[in-house]
Amino acid sequence: MKYTEDHEWLSLDGDIVTVGITEYAATQLGDVVFVELPELETQVARGDEIVVIESVKAASDIVAPLDGEIVEINAALVENPALVNDDPTGAAWFFKIKIEDDAALDEFMDEDEYKEHIGE
Amino acid sequence: MAEDATAPLLTALPLAGLHAELGAKCVPFAGWSMPVQYPKGVMAEHLWTRAHAGLFDVSHMGQLRLPKSALEGLEALIPADLLDLPEGRQRYGVFTNDQGGVLDDLMVAHRAGDVVLVVNAARHAHDLAHLRAHIAGVEAVSDRALLALQGPEAAAALSALVPGVAAMRFMDVAVMRWQGADLWISRSGYTGEDGFEISVPLAQAEVFARALLADARVAPIGLGARDSLRLEAGLPLYGQEMDAAITPVEAGQAWSIGRARRAGGLRAGGFPGAAIILEQLAHGAPRRRVGLRPDGRAPMRAAVALFAEAVGGDAIGTITSGGFGPSLGGPIALGLIAANTPTDATLYGELRGKRLALQQVPLPFVSTGYKR
């Protein structure tokens, strides 16, 4: 598992990266009440705001961590946004992105580095 | 740490230590460091208040004390019937400006020996100067905390400590003794629920709050749930539903303008902006407040533009407050729209480049529990 400074977790399987948000991020957001996912088969560029996530308190975005194509989205989150709080690193993954080059993941933090990043 | 030197200084609540102990997450609000939520989270705190009793620290709000003779002077600033406000009662009002806009909203309590006002934190300094320019003997109460206990079990929980509150009705005010302290109590609040607002001397504030929290029916509630609770109750927030360019008539607060202050009343007019406000009462205002429920799940928050058509056309208004209503399980909003919009028309909010439908609904969104 790799982590971004935007509190996303990335899990690589072949050339497919599954993306979600960390438990820390879910706790900071509070109760999630709305999730809007990207459309399938769209090409996204790193930094694109592709997910809208709203808690009772505020709206925020999740950005594409890498260039690639959206190949799967987790529609269960649209029906049950609270999953993001219940199981952020498991059932509440957001999307899967097909990447060209898995070396792009190298720059992201590993678990120890991420823990240090959030001050744990 | 150069950043710290330029950061705005936040005032700590008198009960800051207790909030920290309770695990509060604090945010800056109107110059104060305020608990926005406790470990339960906004959703659970909201629902707890609707089912049991929530304790809010609202000590950031301004408490002002005036001589009884000030009621007449207050009528020159507020279009409410204050001279007929009986002793032991409190009334809602707004300070208006010459354009009929609202400078702040407030509570006016007529007590045995004085008049007590509660004003918004962000407008405290303004209101103090505004009052002092017109009325003598205005005193800022700086030695008291202000707590609110709200919810269907609030009366039972508070009467366990202060039995006299059980006999109070909605908007009654009284002074009651608790462990040697004078509590200034009103049966009122900002959640739509039955409840009380309690002004406590600073020296006893923490022990009093702890005594309430020791009751299993009572949980601490932050600013986040305070906002979602008031939104569901259709209660306006100064700076959002009302400001210097929005009249009380437009904001849906015309009910607070007493009959005596209206055209043909015993003391008609005589407040800033009276000509405009009385004209709006007689012939309608250009805009009106509206309760809205988005068709979809996406919350639409303040500043979202509202349209009468799904495509094209000019904006007919804006959302003034919006978010998720935990008791309704869906998004809700308050808006200010052109008054000539048909009351059954579907409206469209422009969110992230898309127009999403909303329906106009009666306010409040939830039924209220006031003990009248």
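Read the figures in this text as sums done on the coordinates, not as results from a lab. None of the values given here were measured: they were computed from a predicted structure. Methodologically, a virtual Cβ is constructed for each residue, glycine included, from the backbone with ideal geometry; neighbour enumeration extends over all protein chains shown.
In a simple Cβ point-charge model (Lys, Arg +1; Asp, Glu -1; nothing else charged), the protein assembly as shown has a dipole of about 3740 debye relative to its Cα centre. 3J(HN,Hα) couplings calculated from phi for the stretch B:124-141 with the Karplus curve 6.51 cos²θ - 1.76 cosθ + 1.60 (θ = phi - 60°) are, in sequence order, 4, 5, 4, 5, 4, 5, 4, 5, 5, 6, 10, 9, 8, x, 7, 10, 7, 7 Hz; Gly and Pro show x. For chain B, the relative contact order works out to 18 percent when only alpha carbon pairs closer than 8 Å and six or more residues apart are counted. From least to most packed, judged by other beta carbons within 10 angstrom and beginning with the fewest, B:LEU213, B:LEU77 follow the order B:LEU213, B:LEU77. List the pairs from A:LYS57/B:LYS25; A:LYS2/A:LYS98; A:LYS2/B:LYS40; A:LYS115/B:LYS25 whose alpha-carbon separation is above 23 Å, in the order I gave them. From the list (A:LYS57/B:LYS25; A:LYS2/A:LYS98; A:LYS2/B:LYS40; A:LYS115/B:LYS25), the Cα-Cα distance tops 23 Å for A:LYS2/B:LYS40. The trypsin sites (Lys or Arg not before Pro) of the stretch B:317-359 meeting both criteria, a DSSP state outside H, G, I, E and B (loop) and at most 12 other C-beta atoms within 10 angstrom of the site's C-beta, are B:ARG352.
Each label was represented as a point 7 Å from its Cα along the Cα-to-Cβ direction; for B:ARG372 and B:ASN340 these points are 3.5 nm apart. Counting 0.36 nm for each residue step from B:LEU83 to B:ASP98 and taking away their Cα separation leaves a gain of 3.2 nm. What net charge do the residues around B:GLY296 carry, taking every other residue with its C-beta under 13 Å from that of B:GLY296, with Lys and Arg at +1 and Asp and Glu at -1? Net charge in that neighbourhood comes out at +1. Note: relative contact order over the stretch B:104-179, using C-alpha pairs below 8 Å and six or more positions apart, is 21 percent. For chain B, the antiparallel share of DSSP beta bridges with both residues in that region comes to about 90%. The dipole here belongs to the stretch A:2-97: it is taken about the Cα centre, uses +1 on the Cβ of Lys and Arg and -1 on the Cβ of Asp and Glu, and is about 200 debye. Qualifying GluC sites (Glu not before Pro) in the stretch A:1-43, where qualification requires a DSSP coil assignment and no more than 14 other C-beta atoms within 10 Å, comprise A:GLU5, A:GLU39, A:GLU41. Each Lys and Arg contributes +1 and each Asp and Glu -1, all at the Cβ; summed about the Cα centre of the stretch B:286-335, the dipole is approximately 220 debye. Net charge in the neighbourhood of B:ILE246 (other residues with Cβ under 13 Å of its Cβ; Lys, Arg +1, Asp, Glu -1) is -2.
Here the relative contact order of chain A, from alpha carbon pairs under 8 Å that lie six or more residues apart, stands at 31 percent. Kindly provide log₁₀ I(q)/I(0) values, in the same order as q = 0.11, 0.14, 0.16, 0.18 Å⁻¹, from the Debye equation applied to equal alpha-carbon scatterers of the stretch A:2-97. Evaluating at q = 0.11, 0.14, 0.16, 0.18 Å⁻¹ gives log10 I(q)/I(0) of -0.26, -0.43, -0.57, -0.73. Panel order for B:SER159, B:SER327, B:SER367, by other beta carbons found within 10 Å of each beta carbon, from fewest to most: B:SER367, B:SER159, B:SER327.
Note on B:TYR348, A:TYR24: ascending count of other Cβ atoms within 10 Å places them as A:TYR24, B:TYR348, the fewest first. Ranking B:LEU231, B:ALA216, B:ALA244 by Cα position along the charge dipole of the stretch B:139-288, where only Lys, Arg, Asp and Glu carry charges on their C-beta atoms, puts B:ALA244 farthest toward the positive end. Only one residue of B:SER59, B:VAL304, B:ALA268 has its Cα farthest out toward the positive end of the dipole of the protein assembly as shown, where Lys and Arg carry +1 and Asp and Glu -1 on Cβ, and that residue is B:ALA268.
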